[in-house]
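Structure first, then comments.
Read-outs: derived from the displayed coordinates by stated rules, not from any lab. These numbers were taken from a predicted model, which means no experiment stands behind them. Here the Cβ positions follow ideal geometry from the backbone for every residue, glycine too, while neighbour counts run over all protein chains shown.
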Amino acid sequence: MSEIPLLQAQNLFKHYWQGREKLTVLKGLCLEMKRGEVVSILGPSGAGKSTMLHLLAGLDTPSSGKIFFDGRDINQLKDREKARFRNENIGFVYQFYHLLPEFSALENVCLPGLIYLERNNSNSRNERRVLKEKAIGLLTMVGLKERRFNRPGELSGGEQQRVAIARALINEPDLILADEPTGNLDRHTAQGVEELIFSLCKEGERAFIIATHNEALAMRAKKIIRIIDGKTVV
């Protein structure tokens, strides 16, 4: 029996309305990937890369088409079920970090884990301690153990992105979605973040989708998919 793909997107369309005008961003987009696979989505700004990631994560609903995660149709889930699905199965890395400015780096990394504990009614003092130790371990892995008590405003752009990567890993998701993860960084800092991302990819434990307009970054993935006129081209 063949392995069920981790993720399948079948004939996705996404329309938006601007007044009376219908704008079609995605036009029959398809994708399939296995566990541990690294896929880059390459396309210019405005091609629909972010829209695609939002659909794959269940943050938005396609106008038509289906999305299966580990054989489960995610758009059949209710809103609360989708929120649980995202928290337990998907990590996010954004271009602009999306860290909470009032919290320290350590607290930002812990947040998805705290949500997980609350949802599973397992928010004991010992479990929070274990979560904190895990978050410190992840910050150590990304080279920021000594900066764990600093708030985002006290960190450089590259440091903030490393915090975001650690946060994406805290719940040990099967899939990480990275949306222009180096797009807001200078070349030198971007190279450091790229090396970190691909060192994680080599572990082979989780799948990565890296959406980017950076051709050099995209070419480092084993599978490259281009979005052209709202469709995927391998």
Rg followed by Dmax, in Å, when segment 152-211 is reduced to its Cα trace: 11.4, 33
Normalising by the residue count of the chain, find the relative contact order in percent from Cα pairs under 8 Å and 6+ residues apart. 31
Give the angle, between 0 and 90 degrees and rounded to the nearest 10, that separates the Cα long axis of helix 105-119 from the longest principal axis of the Cα atoms of the chain. 70
Taking only Cα atoms and a 10 Å spring cutoff, compute GNM fluctuations for the chain and point out the largest among 129, 20, 148. 20
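Between residue 191 and residue 77, take the C-beta separation as r, use R0 = 30 Å, and let me know the FRET efficiency to the nearest 0.05. Don't skip to the end; give the middle numbers.
Values: r = 38 Å, r/R0 = 1.28.
Rounded to the nearest 0.05, the efficiency is 0.20.
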For residue 35, residues with placed amide H under 5 Å, excluding near neighbours: 6
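Go through 71-79, 210-218 and give me the packing order, highest mean Cβ count within 10 Å leading.
Numbers: 71-79: 12.8, 210-218: 19.2.
Order by mean packing, descending: 210-218, 71-79.
For residue 47, what charge total do you get from the other residues with a beta carbon under 11 Å from its beta carbon, if Lys and Arg give +1 and Asp and Glu give -1?
Working: positive: 49, 226, 231; negative: 229.
With Lys, Arg at +1 and Asp, Glu at -1, the neighbours total +2.
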Segment 1-84: projected area of the alpha-carbon convex hull, averaged over directions, in nm²: 6.8
Where the centre of each part is set by its Cα atoms, how far does segment 70-125 sit from segment 132-199, in angstrom? 16
Estimated inter-spin distance, residue 88 and residue 198, nm [label 7 Å along Cα→Cβ]: 3.4
Counting only C-alpha contacts under 8 Å and six or more residues apart, can you give the relative contact order of segment 5-123 as a whole percent? 24
Considering every pair of different Cα atoms, what Kirkwood radius, in Å, is found for segment 102-234? 16.0
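Calculate, in nm to one decimal, what residue 54 and residue 22 gain on full extension: separation in residues at 0.36 nm each, minus their alpha carbon distance.
On the way: separation 32, 0.36 × 32 = 11.52 nm, distance 1.94 nm.
Fully extending the segment from residue 54 to residue 22 adds 9.6 nm.
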Could you tell me which of the pairs 78/134; 22/223; 22/66; 27/222 are separated by over 26 angstrom between their Cα atoms in the structure shown? 78/134; 22/223
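For n ≥ 4 DSSP H runs only, could you compute -39500 (n - 2.57) per run for the chain, divide by its residues and tell me the 222 nm figure to the nearest 500?
On the way: 7 runs with 83 residues, N = 234.
Value at 222 nm, helices only: -11000 deg cm²/dmol.
Rounded to two decimal places and with Rh computed the Kirkwood way over Cα pairs, what is Rg over Rh for the chain?
Numbers: Rg = 17.9 Å, Rh = 18.4 Å.
Radius of gyration over Kirkwood radius for the chain works out to 0.97.
Wrap a convex hull around the Cα atoms of segment 13-136, take a quarter of its surface area, and give that in square nanometres. Can you show the working numbers first?
On the way: hull surface 41.6 nm².
Averaged projected hull area, Cα only: 10.4 nm².
Would you kindly calculate the mean projected area, averaged across all directions, of the convex hull enclosing the Cα atoms of segment 63-148, in square nanometres? Don't skip to the answer; put the middle values down first.
Numbers: hull surface 31.3 nm².
Hull-based average projected area comes out at 7.8 nm².
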Reachable aspartates and glutamates from residue 49, Cα under 12 Å, same-chain residues fewer than 8 places away excluded? 179, 180, 229
